[in-house]
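Below is one structure, written out as structure tokens; comments come after it.
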Amino acid sequence: MRTRWLRFVPLLLLSVPANAVACAVCMGAPGSKIADAGNGLVFTMFGLLGLIFSGIGGFCFYLMRQAKAPLPAHEELARLIYTQGLEEGRHHA
């Protein structure tokens with residue numbers, strides 16, 4: 001058991017960074033080019049998400065309007081003939 005633990009000690013020692021330096025965005029430099037590019041990317045992603053959600057909402061609105069629309073004459077006639085056929089079949093049985 002002790003030998004297993006000793007195998008991981010050098011790995012743990014090598015994995016500790018000697019010097020960690022954060023980028024300008026993490027350090028909070030508001031005027032850097034990296035921060036400006038990150039802000040632009042965030043707003044671009046918000047714009048794309050808004051466009052996608054608007055498209056989904058528009059499609060749902062279109063489906064809702066189509067569901068409320070009256071049937072065309074040929075489909076209404078076909079439905080009437082079909083339901084009369086079902087009713088006549090019930091009377092004969």
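The values are calculated or read from the model by the stated rules, or taken from the named source; none is laboratory data. None of the values given here were measured: they were computed from a predicted structure. We place every Cβ from the backbone using ideal geometry, glycine too, and count neighbours over all the protein chains shown.
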Here are Pro30, Pro10: which of them is in a loop (DSSP other than H, G, I, E, B) and either over 27 Å from the mean Cα position of the chain (by Cα) or modelled with pLDDT of 85 or more (or both)?
-> Pro30
Output yes when any residue across segment 51-71 is surrounded by 10 or more Cβ atoms within 10 Å (Cβ to Cβ) and modelled with pLDDT under 90, and no when none is.
-> yes
Filter pass, Ala78 being part of a helix (DSSP H, G or I), out of contact with any helix residue (DSSP H, G or I) (no Cβ under 8 Å at 6 or more places or on another chain), modelled with pLDDT of 85 or more and loosely packed, with under 10 Cβ neighbours inside 10 Å | no
